[in-house]
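J.: Below is the structure I would like to discuss, written out as structure tokens.
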Amino acid sequence: MRLFVSVDLPDDLADGIAAVQDRFADADGLRYTDPGQAHVTLKFLGDVPESRAGDLGDALETAVADAGVAPFDASFEGLGVFPSLDYISVVWLGVGDGSERLTALHEAVEAEFVSQGFEPEDHDFTPHVTLARMEHAGGKQLVQNVVSDSHPEVGTARVDSVRLTESTRTDDGPEYETVRTVRL
């Protein structure tokens, strides 16, 4: 099973996320994510034997407890790209208020899952929601302009849980199913 740890956005922000994606409508080369499945990935685990799911759920419980983060509000705003505006692979929506708490959750999840044998991240954590992946650079200039010239504010969401999520690849894009929910 293909797993990741996430903070999911509520359905009521999906229209706002779709509206931000519409700003890139004329950009060739983008493959958009489903706004109804918007989330902040705290740690991507990859392919894991199904027999480990219970232990990994327990590890998530430990990580959330270690983080000591109480429920909080996070604002979703601003745009960015990975790895840089010169070479774009991912277009994302950022996090304003609440980014420090998401980072604290990530750090606790990272520490716990590395202790469980997963590889440590090789880059700094930036809390974000992936809007699109760039498959070719046909629309690069438009993406650069929109990212540089706008600061959309999608809204605020209450963060009160973290999920261990299974991702199944389908022809219509990934389908997500919650394996375990851990309350803050």
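J.: Cα atoms only: what Rg and Dmax, in Å, come out for segment 34-118?
T.: Calculated on Cα positions, Rg and Dmax stand at 14.9, 42 Å.
J.: Now, a different point. Nearest 500 deg cm²/dmol is fine: what mean residue ellipticity at 222 nm does the chain get from its DSSP H runs of n ≥ 4 alone, each adding -39,500 (n - 2.57), divided by its residue count?
T.: Rounded to the nearest 500, it is -8500 deg cm²/dmol.
J.: Take the chain, connect every pair of alpha-carbon atoms lying under 10 Å apart with a spring to form a Gaussian network, then pick out the residue of Val69, Val81, Val129 with the largest mean-square fluctuation.
T.: Val69
J.: Take each of the peptides 148-155, 99-106, average the number of other beta-carbon atoms within 10 Å over its residues, and list them starting from the highest.
T.: Result, highest mean first: 99-106, 148-155.
J.: Which three extents, in whole angstrom, do the alpha-carbon atoms of segment 100-184 cover along their principal axes, largest first?
T.: Between the extreme Cα coordinates on each principal axis of segment 100-184 lie 42, 34, 27 Å.
J.: Expressed as a rounded percentage, what relative contact order does the chain have, with Cα pairs under 8 Å and six or more residues apart?
T.: 35
J.: With a bin width of 5 angstrom, please list the P(r) values of the chain as percents of all Cα-Cα pairs, from the 0 bin to the one holding the largest distance.
T.: Binned Cα distances yield the sequence 1, 8, 17, 20, 19, 17, 11, 5, 2, 0.
J.: Compute the helix-to-body angle for 140-149: its Cα long axis versus the longest principal axis of the chain, expressed 0 to 90° and rounded to tens.
T.: 80
J.: Which of these, Ser84, Ser161, Ser51, has the largest mean-square fluctuation under a Gaussian network model of the chain (Cα springs below 10 Å)?
T.: In this elastic network of the chain, the residue with the biggest mean-square fluctuation among Ser84, Ser161, Ser51 is Ser51.
J.: Segment 134-184 to segment 62-94: how many Å between their Cα centroids?
T.: Using only Cα atoms, the two centres lie 9 Å from each other.
J.: Per-residue HN-Hα couplings for segment 26-41, Karplus 6.51 cos²θ - 1.76 cosθ + 1.60 at θ = phi - 60°, whole Hz, x for Gly and Pro?
T.: With the stated coefficients, segment 26-41 comes to 8, 8, 5, x, 9, 10, 7, 7, 7, x, x, 10, 5, 7, 9, 7 Hz.
J.: A further question on this structure: Using only the C-alpha atoms of segment 82-124, find the volume of their convex hull and express it per residue in Å³.
T.: Dividing the Cα hull volume of segment 82-124 by its residue count gives 86 Å³.
J.: Let me ask something else. Pick from Gly46, Gly80, Gly57 the residue whose mean-square fluctuation is largest in a GNM of the chain, springs joining Cα atoms under 10 Å.
T.: Gly46
No lab work stands behind these numbers, since they all come straight from the coordinates. All of these numbers come straight from a predicted model, not from anything done at the bench. Note: ideal-geometry Cβ built from the backbone for every residue, glycine included; neighbour counts use all protein chains shown.
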